[in-house]
Every structure is written in C-alpha cells, then in structure tokens.
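Every number in this text was worked out from the coordinates using simple rules, so none of it is lab data. Predicted model, so just to flag it, every value in this text is computed and none were measured.
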Amino acid sequence: MATEQLPAAHDREESDFTGQKRDTVVIVGAGQNTAHMGDSIARLSLEHPLHVFEVSQPLIDVNTDRLHMTNTEEGHRSAEALLGSRAVHAVYLSVIPLLHKPLLDKYLGHAGENEIDFVVLPKPFAQNVQELRDMRSMLRAAIARRQEIDPSYNPEASPMLFIHEHYKEKGAWHELRERLNQVTGRLGRLESVDIDIQEARTAEDEGRVAAFQGGALEDLGPHVISLGLDVQSSINTTDRYAIPNRSTTTVERFRYEDSELPEGIETSFIVHGQTAIVDQERGESHSIDFTWRGGKGLVNKKDATLTFIHPDTGERSTIVVDLRANTLAIPDAVRDLFPITEFDDNGYGYSVESGLNGGDPHQSFQHIDEAAIVTKWQQALRNQGSKQAPIIHRRGSELRQLANAA
C-alpha cells in the first residue's frame, strides 16, 4: 500500500537541519507496519516535516530529500545530523521485535540528550521479561540524563517512550472502553469476555516470517492481552465493581501444516481463563470466564463479545465489537450511550496522526507500565503453552472447531 507522494522539504542542504522548529517526525523502517499508516502519514506530512530512515525500498512513497538510506555513508550522516539538530519531535520505530532493544537504546540516548521529545515502539514492547528489564533500565538512564540537563523535566507529564497497540485504538473498541463503566450501571456485572483475532492469511502470505519468528503468542498475544487489560481497568473505574489482579489460565497452541516458522513455534493459540469480579455494593464475589483466541492461517474472525448479567433481574445482555468492520452491536438499554456505532479509525489512522503531530500521545499510545504488564502476561502464557507441542492442522481452520476436535 502506498501513500500519495509526500511533499518536498523546504530548500536547504540535505544535512543542514539546525534551527528548525521541533516538529519533525521520523519513521524508522517503512515496511508493512508503516504501510498500514499510509494515509495518516500522508496527512501528517502536510503539516510537519516527515523523514524516513530505511535500509531497503520503502513501502510508502517518500521524496528523496526526506528518505535517508542509513546503510549508506551519506544516508547515515544525514540521519544523524537530523537527530542532532533538535528539530525532531517524535521517532516511530517501525521495526521487527528483534530490533526493538538495540534501536531503543540508540534513540532513548537522543531523548536523554533532549534532542527528541519521545519514541514510539509498535507492540510487542519486549520479547520477554529479561528484555523488558533491560529496556526499562535504558529508559531510567535516559530520564536521569534528561533531568540532569533539564531539572524541570517531568517524565510522568511528558513520557519519552510509548507503545503503539493499534487494537486498543480501533474506533469501536475505544468507544466501548470509554463507556464501559456506564454500561455496567445499566446491564450489571460483567460475566464473560470472548476475544477473537483470527486471520486467514499466513505469515508466509504476508512476507512476515521474520517478524513472526516468536510465534502467535508474541505477535498477536499483546492484542488480546491489551484488550483484556482494558476491560479490567475500565470496570475498575466504577463505584460498584472491581476485578482484582488474580486469574487462572490454560493455553492451547496450534500450527498450520507446512509452516516455514521454526519447529515448535505456534501459528495460533487459545487462552482459557477465569478471574473474579467483586460486587462491592453487595459484598459478593463472582467469576468471570474469558477466552482469547489468536492466530494466522485460520479464518477471518476479529471480534470481542462481552456478556453482562443484571444483579436484580438476572437478565443477560451482550455487546459485540466487530474488530474487522469496526462496529458496535449494543442492546437497547444502553443505546443512548453510543450515538455512533460505526467507525473509521482502525488504530493506524487519526489516533496515530494525532499522537505524533503535537497532540496528546497519552490518548493515542499505550503507557509503558501497561505494556510491561502485557509482556509479563505474554511470557507467562508462552511458558505455560510450551509444555505441549502445537497441534498441527490444515490452513483455513477455525480455532473454536480445532479446540473441540482436540
């Protein structure tokens, strides 16, 4: 997917950026993930200088004076000059998970020197808990350096690191998350959550074998975990209900036949879990069942179903978020809370554009603390699932049917 041609930079020598206003955005890596942001990047570039650092042919159209091929001496020199100019507002590291740690070390160094404002990484933030610790140590060092330079710097008010978890910012999900506390006031306590992120295309079809090396739990796990955490945090803003940080899970792993991924790496998974919800008004504790499914080489099924039960009438209600069509299906009892049920932003659009162009990045990206919780969940689920080999299946299967057959 290509965007319209990005506008040319102002007339200047390629490496002479000094003195510019700090509103430049840098995209490091213009592969598949960046291509998803094509339209928002095109709009963003109309208001801000937007530069791309690459080592191969970018999948978006970029004017040559804003494309820095960093595997060449000239491109590396011009990229470093731009970073050192203090003209850069944000850097989006659109690279595979294997490169997150080394590149984050480099760019947090620039942030620590107050040469850029903040860095954004796509999910997953870290591949495992040890890498998470190392990256958080990098962040602490960068914060300390920034505060040494500028004692007024407040890392809570202006974080220098965010995570782009685009499923959280899909329009339909975002709308439900913002109103979930009001929903429980009418529909009652949450009883179950069922999340599916199944894709028909394989990692091979997408040319993402390298990016998918860690398996489906690494690649798609952060999506379902983040949505699950969203539900918990939203419920916990109510006066009546609370979901504690305790749960039990089981993990099943699957793999489509003839996969090119390393032996034993899963292409899909199912997580069955149970947690509690406390009705603080009645002093009662009830269970919540949750099921998370994700993977490739399956069917196209992306949705989330939340079931509620009213504490007085026992009536059950459901809300369905279609994560492909970006729509909400809601019961009449809460219809007035959702005047809009069809949305355009798929998590790569206005939310990214707003977060990078000088708007509040807190509203567009995931906070590092939540991303850290996702990493810990992800590693725990991977450890749990690794106790059994993946079940081999034909491509085009549906996970619910595979689980029943297994």
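Rounded if a/c is under 1.5, else prolate if a/b beats b/c, else oblate: with a ≥ b ≥ c from the C-alpha gyration tensor eigenvalues square-rooted, which is the stretch 39-138?
On the way: a/c = 1.65, a/b = 1.49, b/c = 1.10.
Since a/c reaches 1.5 and a/b is larger than b/c, the shape of the stretch 39-138 is classed as prolate.
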I need the phi-derived Karplus couplings for the stretch 320-330: 6.51 cos²θ - 1.76 cosθ + 1.60, θ = phi - 60°, integer Hz, Gly and Pro marked x.
10, 9, 7, 7, 8, 7, 6, 10, 10, 10, 10
Going by amide H atoms built from the backbone, whose H comes under 5 Å of the H on H393, apart from near neighbours?
R255, Y256, E257
Honestly the stretch 188-265 on the Cα gyration tensor test (a ≥ b ≥ c root eigenvalues; a/c under 1.5 rounded, otherwise a/b vs b/c for prolate or oblate) is just prolate
Antiparallel as a % of all DSSP beta bridges within the chain, to the nearest 5?
60 percent
When the chain is fully extended, how far beyond the present Cα-Cα distance does E342 get from H362, taking 0.36 nm per residue of separation?
4.8 nm
For the stretch 206-220, in order, what is each residue's ³J(HN,Hα) by Karplus, 6.51 cos²θ - 1.76 cosθ + 1.60 with θ = phi - 60°, in whole Hz (x at glycine and Pro)?
7, x, 10, 4, 5, 6, 9, 4, x, x, 5, 5, 7, 7, 9
